[in-house]
Amino acid sequence: MDADINFYFDPVCPFAWMTSKWVRQVQARREYTVDWRFISLRQINANVDYDAQFPPEYEAGHTAGLRLLRVAARARAEHGRESIARLYEAFGTYIFEAAPDPADGRAEGEVRERRGTREFVEPILAQAGLPLALADALDDDSWDSEIRQETDEALALTGKDVGTPIIHFEPPAGVAFFGPVISRLPDEQEAAELWDHVVGLARFPGFAELKPSLRERPQLPALGVASGAVGQQEDWHGGSRRQKK
């Protein structure tokens, strides 16, 4: 598929979801075409000691993300690349756009693990207008090589010390970059201006990085931040909220 933007996402990454919402704003304003592609945080961190390097719920969350990507890979194979735009939107809506139920007594790790189950994914498939039988792919690791290939493709564009999302603008020769990591959703005018600034900076020869490690929690109800509110600042170490040794 020839697209204006290749957007590599892991469905359980809140920053990828926030950035995707911004990209959809830009897409509508500029009439860009977007190919929604896969990158797996679980595969990126395959050799990482989760117990030592991450908060305790991360391994369950990243594993659930890989399981959801298996469903997406099968959906793409059987229903075309255009189905992934709907499916990713449904993933993000279910995972991030509802506030936690205060009556739900499950620990955070259990909440994240449930995202990789048939019980969780079937309503998402229904919302995306896709067959519920695609949930069979949750346990089918034969899709992992395709996801790995696409993950490696994304990392080849930016280098390996990154997370999600990765954006490739005007592929194959155009610029690619990790992020941008944003915590607030801009309005329509700001969205286009931010896009132009990001692409302009990425196009400058020799540009590599510009970031603080302090991040606001994204404006997502699932993270306890309402639309229009400002999330608490957190210090992310090495590109992720790793445990301090």
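The values are calculated or read from the model by the stated rules, or taken from the named source; none is laboratory data. Since the structure is predicted, the reported quantities are computational estimates derived from the model, not experimental observations. Neighbour counts run over all protein chains shown; Cβ positions are idealised from the backbone, glycine included. Keep in mind that these areas ignore ligands, DNA and RNA; they rest on the heavy atoms of the full protein, side chains included. Shrake-Rupley method; radii C 1.70, N 1.55, O 1.52, S 1.80 Å.
All of (1) closer than 23 Å to residue 183 by Cα; (2) open to solvent by 10 Å² or more (accessible area, probe 1.4 Å) hold for residue 61 with one exception: (2).
For residue 215, all conditions in the list (1) farther than 21 Å from residue 91 by Cβ; (2) at pLDDT 90 or above hold save one; what is the number of the exception? Evaluating residue 215 over (1) farther than 21 Å from residue 91 by Cβ; (2) at pLDDT 90 or above leaves (2) as the failure. On the stretch given as the stretch 185-201, residues that are touching a residue at least 60 places away in the same chain (Cβ under 8 Å) and not aromatic (Phe, Trp, Tyr) total 6. The strands (runs of 3 or more DSSP E) located wholly in the stretch 128-245 that include 3 or more residues which are hydrophobic (A, V, I, L, M, F, W, C) occupy 166-169, 176-178.
The residue that is farthest from the chain's Cα centre (by Cα), among those in the stretch 80-109 that are loosely packed, with under 15 Cβ neighbours inside 10 Å and aliphatic (A, V, I, L, M), is 103. The condition of being basic (Lys, Arg), open to solvent by less than 50 Å² (accessible area, probe 1.4 Å), in a helix (DSSP H, G or I) and within 16 Å of residue 41 (Cα to Cα) holds for only one of 76, 70, that being 70. Quickly run through the stretch 47-69 and pick out the residues that are modelled with pLDDT under 90 and within 13 Å of residue 148 (Cβ to Cβ). Matches in the stretch 47-69: none.
In the stretch 31-51, the condition of being surrounded by fewer than 20 Cβ atoms within 10 Å (Cβ to Cβ), without any contact (Cβ under 8 Å) to a residue 60 or more places away in the chain and in a helix (DSSP H, G or I) is met by at least one residue. Applying a threshold of 7 Å to beta carbon distances and a minimum spacing of six or more residues, or different chains, the list of pairs starting in the stretch 202-220 at a residue that is more than 23 Å from residue 173 (Cβ to Cβ) and ending at one that is hydroxyl-bearing (Ser, Thr, Tyr) and open to solvent by 70 Å² or more (accessible area, probe 1.4 Å) reads 219/227.
A search for C-beta distances below 9 Å between a residue of the stretch 115-127 that is touching a residue at least 40 places away in the same chain (Cβ under 8 Å) and β-branched (Val, Ile, Thr) and any residue that is in a loop (DSSP other than H, G, I, E, B) and open to solvent by less than 50 Å² (accessible area, probe 1.4 Å), counting only pairs 6+ apart in sequence or on different chains, returns 121/115. Would you mind stating whether residue 27 is at pLDDT 95 or above, of a type outside the set (Ser, Thr, Tyr) and closer than 20 Å to residue 153 by Cα? It is false that residue 27 is at pLDDT 95 or above, of a type outside the set (Ser, Thr, Tyr) and closer than 20 Å to residue 153 by Cα.
Listed here are the residues, each with its yes/no results for (1) among the hydroxyl-bearing types (Ser, Thr, Tyr); (2) open to solvent by less than 60 Å² (accessible area, probe 1.4 Å); (3) modelled with pLDDT under 95.
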{"position": "143", "(1), (2), (3)": "no, yes, no"}
{"position": "161", "(1), (2), (3)": "no, no, yes"}
{"position": "179", "(1), (2), (3)": "no, yes, yes"}
{"position": "191", "(1), (2), (3)": "no, yes, no"}
{"position": "195", "(1), (2), (3)": "no, yes, no"}
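Residues that are open to solvent by less than 10 Å² (accessible area, probe 1.4 Å), assigned to a helix (DSSP H, G or I) and in contact with a strand residue (DSSP E or B) (Cβ under 6 Å, 6 or more places away or on another chain) are absent from the stretch 1-10 altogether.
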